[in-house]
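First the structure, then my questions, so here it is.
The values are calculated or read from the model by the stated rules, or taken from the named source; none is laboratory data. Keep in mind it's a predicted model, so treat the numbers as computed, not measured. Ligands, DNA and RNA are excluded from the accessible area calculation, which covers all protein heavy atoms including side chains. Shrake-Rupley method; radii C 1.70, N 1.55, O 1.52, S 1.80 Å.
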Amino acid sequence: MTGRLILVGIGVVVAAVVLVLLVVIGAPVMFAVSWLLLVLTTALVSRQVFFEEGSIWPPERRRRAERGSEVSRLAWSINSRTGLAGHVVVRRVQNVLRRRLALRGLDLDDPSHYAMIDALLGRGVRDALHKREVHAADLEQVLDAVERIADDSAANTEPKTAARPEQRRTDEHG
């Protein structure tokens, strides 16, 4: 509060000095006073906050809860009449395939890995997602191959379960 009073005091002193200078130069007193009042009023009004500083215009629309699931949106991206798959579902299946191949150290985009990928997935599976028009049958073929990769890796990397400490104690004691 005292900071505002100091600013108002400085403003009054500056206005008085400017008024005296204008009168000394030869301006009529009422003319100088009216212009000073106009400048002070403009300065005070320009400092006033008329709108919330955090508000934006136009206001954001309220978001509706999204209906359906991501699975249903992916299913709608396959044309049921022609069987063509949209780019959203093709990209999603490619990403799943890339992750599964990366777990085996293979890169879907590396030409030196093509032979190993074809041996792992089966002939033509890798090319199924790179056609101009990908059909639902192509997606099924790729997803079947991805499931085979998952089954192989789960069988090979399944940790051996050791006997729990409670079981070992009962075995040792009889």
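Which ones in the range 45-76 are in a helix (DSSP H, G or I) and either open to solvent by less than 100 Å² (accessible area, probe 1.4 Å) or at pLDDT 75 or above (or both)? So that I can check it myself, show each step before the final result.
Of the residues in the range 45-76, the ones in a helix (DSSP H, G or I) are 45-47, 70-76.
Answer for the range 45-76, where residues must be in a helix (DSSP H, G or I) and either open to solvent by less than 100 Å² (accessible area, probe 1.4 Å) or at pLDDT 75 or above (or both): Val45, Ser46, Glu70, Ser72, Leu74, Ala75.
Please state which one of Ala154, Ala136 is at pLDDT below 70 and open to solvent by less than 60 Å² (accessible area, probe 1.4 Å). Write out each step before concluding.
Numbers: Ala136 fails: at pLDDT below 70.
Result of the check over Ala154, Ala136: Ala154.
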